[in-house]
1. Of the residues that make up region 30-38, is at least one acidic (Asp, Glu), assigned by TED's automatic domain parsing to the domain that holds Ile86, surrounded by 10 or more Cβ atoms within 10 Å (Cβ to Cβ) and under 29 Å from Phe89 (Cα atoms)?
2. Looking only at region 6-29, count every residue that is within 16 Å of the chain's Cα centre (by Cα) and either surrounded by 12 or more Cβ atoms within 10 Å (Cβ to Cβ) or under 18 Å from Val93 (Cα atoms) (or both) and tell me the total.
3. Determine whether region 50-61 contains at least one residue that is at pLDDT 90 or above, surrounded by 12 or more Cβ atoms within 10 Å (Cβ to Cβ) and in a helix (DSSP H, G or I).
4. Could you please find all residues in region 1-44 being closer than 13 Å to Leu78 by Cα, in contact (Cβ under 8 Å) with a residue 40 or more places away in the chain and part of a loop (DSSP other than H, G, I, E, B)?
Amino acid sequence: MFSKKELERMRIEGEKIAEAMQKEREEKKVGRQYKAGDVEVSCVHCKHNKFEQGKAMLNTRALTFLDIEWLNDNATTLICKRCGFIHWFGSSVIEMDTID
């Protein structure tokens, strides 16, 4: 059995986790801003500046043939939240702190 104090602490902790999850979902809908090489990234198609970040494997025929694709390099992808255009970066991108 839990005491009232412990149940209240668990409720508050659960609410904090739910708020954080909701904030993450909202940010994912809106997107985030990024920099690559000290330059703010904007979509080359629609000029929007909000993206969703992802990773993609850069497969090569040789490593695929040898069944060791996991040795291939990765690229960072940014998907425009307005038009869906996918931007590929061989080097890392940095998420900018957005102030709205």
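1. Looking for residues that are acidic (Asp, Glu), assigned by TED's automatic domain parsing to the domain that holds Ile86, surrounded by 10 or more Cβ atoms within 10 Å (Cβ to Cβ) and under 29 Å from Phe89 (Cα atoms), one finds none in region 30-38, hence no.
2. Looking only at that region, the number is 2.
3. There is no residue in region 50-61 that is at pLDDT 90 or above, surrounded by 12 or more Cβ atoms within 10 Å (Cβ to Cβ) and in a helix (DSSP H, G or I).
4. If the condition is that a residue be closer than 13 Å to Leu78 by Cα, in contact (Cβ under 8 Å) with a residue 40 or more places away in the chain and part of a loop (DSSP other than H, G, I, E, B), then Gly31, Gln33, Val41, Cys43, Val44 are the ones that fit.
The values are calculated or read from the model by the stated rules, or taken from the named source; none is laboratory data. Predicted model, so just to flag it, every value in this text is computed and none were measured. Every residue, glycine among them, receives a Cβ derived from its backbone with ideal geometry; neighbour counts consider all protein chains shown.
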